[in-house]
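Participant: Below are the structure tokens for one structure; questions will follow.
Please treat every number below as a calculation from the coordinates, not as lab data. No experiment lies behind these values; they were computed from the predicted model shown. Cβ atoms come from the backbone with ideal geometry, glycine included; neighbour counts cover every protein chain shown.
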Amino acid sequence: REICGDKPLAVNILYAITDYERVVKDACEAGIDIIITGAGLPTNMPEFTQDYPDVALVPIVSSAKALKIISKRWKGRYGRVPDAVILEGPKSGGHQGFSYEDCKLPENQLEMLVAPVVEEAAKWGDIPVIAAGGIWDKKDIQKFLDMGCAGVQMATRFIGTYECDAHDNL
């Protein structure tokens, strides 16, 4: 927070960790603006942020079904829906919920997942969808924006940059 000042600050907290509730609450107390959560379906995420209604909650999903489950649970129990959702395809570095074999199936490719997730997001109030996994250049960015995504997340592309702390032998 000291480094970024008033600018938005986000944290990615794995749902599968042992102390998820404590880490979420600690992040809120420290002044986080956005919490991104993957590695599981964070169906109770809003429970831990109730005292911090201005913290944006952004789950990571791999399907329209996952978004529907999260949104239905959050709306029914907490009266809110995700502020945005990150849709990870099988080329992402996260825990997408696909088996290794399923990652290769054409129907599980990010391009095939976008339309159903954007459609599901629209049912809950036009939740912004951010595509992630295998996005490499401007052409890819434009493709996903044209498909209805509000934005993209890129990561692997930057491993080869000077700023990355990956070892040179990797």
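Participant: Obtain the nm distance between the two label points defined at Tyr78 and Tyr162 by a simple spin-label model: each point lies 7 Å from its Cα along the Cα-to-C-beta direction.
Facilitator: Rounded to a tenth, the inter-label distance reads 4.1 nm.
Participant: In terms of the Cα gyration tensor, with a ≥ b ≥ c the square roots of its eigenvalues, is the stretch 126-170 rounded because a/c is under 1.5, prolate because a/b exceeds b/c, or oblate?
Facilitator: Working: a/c = 3.88, a/b = 2.52, b/c = 1.54.
Prolate, because a/c is 1.5 or more and a/b exceeds b/c.
Participant: Based on Cβ point charges of +1 for Lys and Arg and -1 for Asp and Glu, what charge dipole magnitude is obtained for the chain about its Cα centre, in debye rounded to the nearest 20?
Facilitator: On the way: 18 positive and 25 negative charges, 118 e Å.
Its charge dipole is roughly 560 debye.
Participant: Here's something else I'd like to know. So what is the relative contact order for the chain, in percent, with contacts set as C-alpha pairs under 8 Å and at least six apart?
Facilitator: Details: 271 pairs, mean separation 26.5, N = 170.
That works out to 16 percent.
Participant: Once Rh is set to the Kirkwood radius over Cα pairs, what Stokes-Einstein translational diffusion coefficient, in µm²/s, holds for the stretch 2-99 at a temperature of 4 °C and a viscosity of 1.567 mPa s?
Facilitator: Numbers: Rh = 13.8 Å.
The Stokes-Einstein estimate is 94 µm²/s.
Participant: Lysine pairs in the chain 8 or more apart or on different chains: how many have alpha carbons under 17 angstrom apart? If you can, show how the numbers build up before the last one.
Facilitator: Details: Lys65/Lys75; Lys65/Lys123; Lys68/Lys123; Lys72/Lys123; Lys75/Lys123; Lys91/Lys104; Lys91/Lys139; Lys91/Lys143.
Here the count comes out as 8.
Participant: Compute the label zone of Glu2 within the stretch 27-50: residues whose backbone N is under 19 Å from the point 7 Å along Cα-to-Cβ.
Facilitator: 27-33
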